[in-house]
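Dumping the structure here so I can ask a few things about it.
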């Protein structure tokens, strides 16, 4: 009998509970947050409210060259968006980068980025939807934590009269950046699968997770807690995207699964209904596994979209009556 | 060497099944009659014109069991899918190909059926046919060169297609196994065991009803998954019913494709007659072809 292969043992440990992800420094008053457009375009007017709020929190704002730039749907050409993002990553005075908006375009520029300096001096990259490209790449290739949250366009126009959920979701970004540990109690759903899980939190927009499959940016989900959300997709396509994750082996060895919002689902044609709702579609894929699953988690293209720290270890507790997600790094 | 299923002869039987979306029995009558006129027997599966009230032609297990039965039935010499839609990915991993491996047969279709064509190529090293399906036989379509190209393919006649030149084509010659299908499905297969291995091969793609930005994203998925880098050649079929947003994408299909493959040197041609429209020539997936893209014409010749 040969010796235990130490290398594979160590690799296995890395995949389960040892987290080798770098956590960027949390922010202090006076720090600068950069704002730029790696995907769709954003005007100065679009981000005005976010600047006012971020400054009121005691941070400075540094605007990238891509703000107000436009190349059709994009916030500048691929090269311009990549250069602006690169500049933000390499500028030591910028302590976090908030993406102004999603849309489409991050995948067109991500491979142009050089993370050498960023790896030595990591900073929080903030956003969701198309920014899932960056979350995946940061997790799998750059091994750095990032913040999945609302972006500049979602800041309320009038903070004083904004509704409570909108204010709380925006404040969850501030709390996360200040280093407050995340604890989100969630309303239970009778379709949940009960259980507890501890693991690195990863996830984002389902369409983007499928789009990353087969590429270097595709997250190894083994031993992790995965969250997914999407907007404006037809049911058959949600099913097809989950089939991709299943067939690519992304669902088999999860610790837990968090289903966020699937909003503005495109309606079926009346004479050929898909015949399954989101809950059934998910259950069909994960019935063969035993980890906890919760539905209606407040993440998605909706008002209740709370900040989540991708890459950090969390505990997901799915009980009969209560659900919670807690950061335990 | 890739396994080439036996070509059909007079009296061979073609199984007709719907492994994905629902299809009415009326819609396959012209197809059945034409196949019979070609001298074949037709065995119509129960998934065609089934009692299903949903999008699918039957439950996953009903579709799977029928496909499995047709794979295993030695009296069936080819399986023609009635239509695509969506649904093959839901059950393909439950199929048992052990009998099929010993007795391969032609699997025929396109669109969602791309999942089978890719899986057969990568996992089973077996050739298949990307071609029109039952609906293409309707409205006089059975007389078209496209449906007739399927008849020739089934007989084992080597294809030699020419298509119109296009000013955006990248000139050159390539030979290699022909692979491809619907772009959305090719992207969907990335990361799975069914994805094509594309090195040294000629890839064809087509799609329908997609937003331009999404075509860009799917094409980039193929690139980032390494599926474009070492191609021998790229055949871009027709992309029809393309959608765009109020904020226009700003690039056409040829423009975005040429941008993403600018760093590669293989020939590229556009508007090849493979599509969701009538222009859909039968293409033998897995078989060696010669692609010749010149200023005057596109030629795709089976070797």
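Give the residues of segment A:115-135 whose amide nitrogen is closer than 18 Å to a point set 7 Å from the Cα of residue A:28 in the direction of its Cβ.
In segment A:115-135, the label zone of residue A:28 (backbone N under 18 Å from the point 7 Å along Cα→Cβ) covers A:121-124.
Relative contact order for chain B: what percent, with Cα pairs under 8 Å and sequence separation of 6 or more?
20 percent
Please find, in a Gaussian network model of chain A (springs between Cα atoms separated by less than 10 Å), the residue of A:103, A:214, A:40 whose mean-square fluctuation is greatest.
A:214
Also: Assuming R0 = 25 Å, what is the FRET efficiency of residue A:216 and residue B:288, from their Cβ-Cβ distance, to the nearest 0.05?
0.20
Next up: Subtracting the Cα-Cα distance from 0.36 nm times the residue separation, let me have the gained length for residue A:328 to residue A:56 in nm, one decimal.
95.0 nm
When chain A is treated as a GNM, springs tying every alpha-carbon pair under 10 Å, which of A:212, A:112, A:89 comes out with the largest mean-square fluctuation?
Judging by the Gaussian network model, the answer is A:112.
Hey, what number do you get for chain B at 222 nm if only DSSP H runs of n ≥ 4 count, each worth -39500 (n - 2.57), divided across all residues, to the nearest 500?
Using -39500 (n - 2.57) per qualifying helix, the result is -7500 deg cm²/dmol.
Once you put a point 7 Å from the Cα of residue A:93 and another 7 Å from the Cα of residue A:77, both along the Cβ direction, what distance in nm separates them?
2.8 nm
Could you work out, residue by residue across A:212-218, how many beta carbons of other chains sit within 10 Å of that residue's beta carbon, and then give the average as an integer?
6
Another question about this same structure. Return the percentage of antiparallel bridges among DSSP beta bridges fully within the protein assembly as shown, rounded to the nearest 5 %.
Expressed as a percentage, antiparallel bridges in the protein assembly as shown total about 40.
Specify the inter-centroid distance of segment A:287-313 and segment B:7-23, based on alpha-carbon positions, in whole Å.
44 Å
Below 8 Å between Cα atoms, with a sequence gap of 6+, how large is the relative contact order for chain A in percent?
19 percent
On to the next question. Would you compute, from DSSP H runs of 4+ residues alone, the mean residue ellipticity of chain A at 222 nm, taking -39500 (n - 2.57) per run and dividing by the full residue count, rounded to the nearest 500?
Only helices count here, giving -8500 deg cm²/dmol.
Exposure proxy check: A:310, B:18 ranked by fewest other beta carbons within 10 Å?
Lowest count first: A:310, B:18.
Another one. Across the residues of A:93-105, average count of Cβ atoms on other protein chains within 10 Å?
1
On to the next question. List A:247, A:175 from most exposed to least, where exposure is judged by having the fewest other Cβ atoms within 10 Å.
By the 10 Å Cβ count, ascending, the order reads A:175, A:247.
Rg over Rh of segment B:152-255, using C-alpha atoms and the Kirkwood radius, what does it come to?
0.98
Given Cα pairs under 8 Å that are at least 6 residues apart, what percent is the relative contact order of segment A:103-180?
That works out to 25 percent.
Same structure, new question: Can you figure out the FRET efficiency of residue A:289 with residue B:135, using R₀ = 30 Å and their beta-carbon distance, to the nearest 0.05?
Calculated transfer efficiency: 0.20.
Please compute the length gained on full extension between residue B:162 and residue B:211, using 0.36 nm multiplied by the number of residues separating them and subtracting their Cα-Cα distance.
14.7 nm
On a full-extension model of 0.36 nm per residue, what is the gain between residue B:297 and residue B:24, subtracting their alpha-carbon distance, rounded to one decimal in nm?
Using 0.36 nm per residue and subtracting the Cα-Cα distance, I get 94.3 nm.
Going 7 Å from the Cα of residue B:123 toward and past its Cβ, which residues in segment B:44-73 have a backbone nitrogen under 13 Å from where you end up?
Counting only backbone N, you get B:68.
With a ≥ b ≥ c taken as the square roots of the eigenvalues of the C-alpha gyration tensor of segment A:35-141, please select rounded if a/c is under 1.5 and otherwise prolate if a/b is larger than b/c or oblate if it is not?
oblate
What residue among A:146, A:217, A:56 has the largest mean-square fluctuation in a Gaussian network model of chain A, using Cα springs under 10 Å?
A:56
Label segment B:1-130 by shape, choosing from rounded, prolate and oblate, from the square roots a ≥ b ≥ c of the eigenvalues of the Cα gyration tensor; if a/c is under 1.5 it is rounded, and otherwise prolate applies when a/b is larger than b/c, oblate when it is not.
Oblate.
Each label point is 7 Å from the Cα along the Cα-to-Cβ direction; what then is the distance between the points at residue A:196 and residue A:65, in nm?
In this crude spin-label approximation the distance works out to 5.2 nm.
I'd like the distance between the alpha-carbon centres of segment B:110-181 and segment B:61-97, rounded to an integer number of Å.
Cα centroid to Cα centroid, the span is 20 Å.
Now for a different question. What's the average, rounded to a whole number, of partner chain beta-carbon atoms within 10 Å of each residue's beta-carbon in A:238-245?
Other-chain Cβ atoms within 10 Å of each residue's Cβ, averaged: 5.
Which whole-angstrom value gives the distance between the alpha carbon centres of segment A:254-270 and segment A:27-90?
So the separation of the two Cα centres works out to 30 Å.
Every number in this text was worked out from the coordinates using simple rules, so none of it is lab data. Note that the structure is predicted; figures quoted are calculated from it, not measured. So basically every Cβ, Gly included, is an ideal-geometry build from the backbone, and we count neighbours across all protein chains shown.
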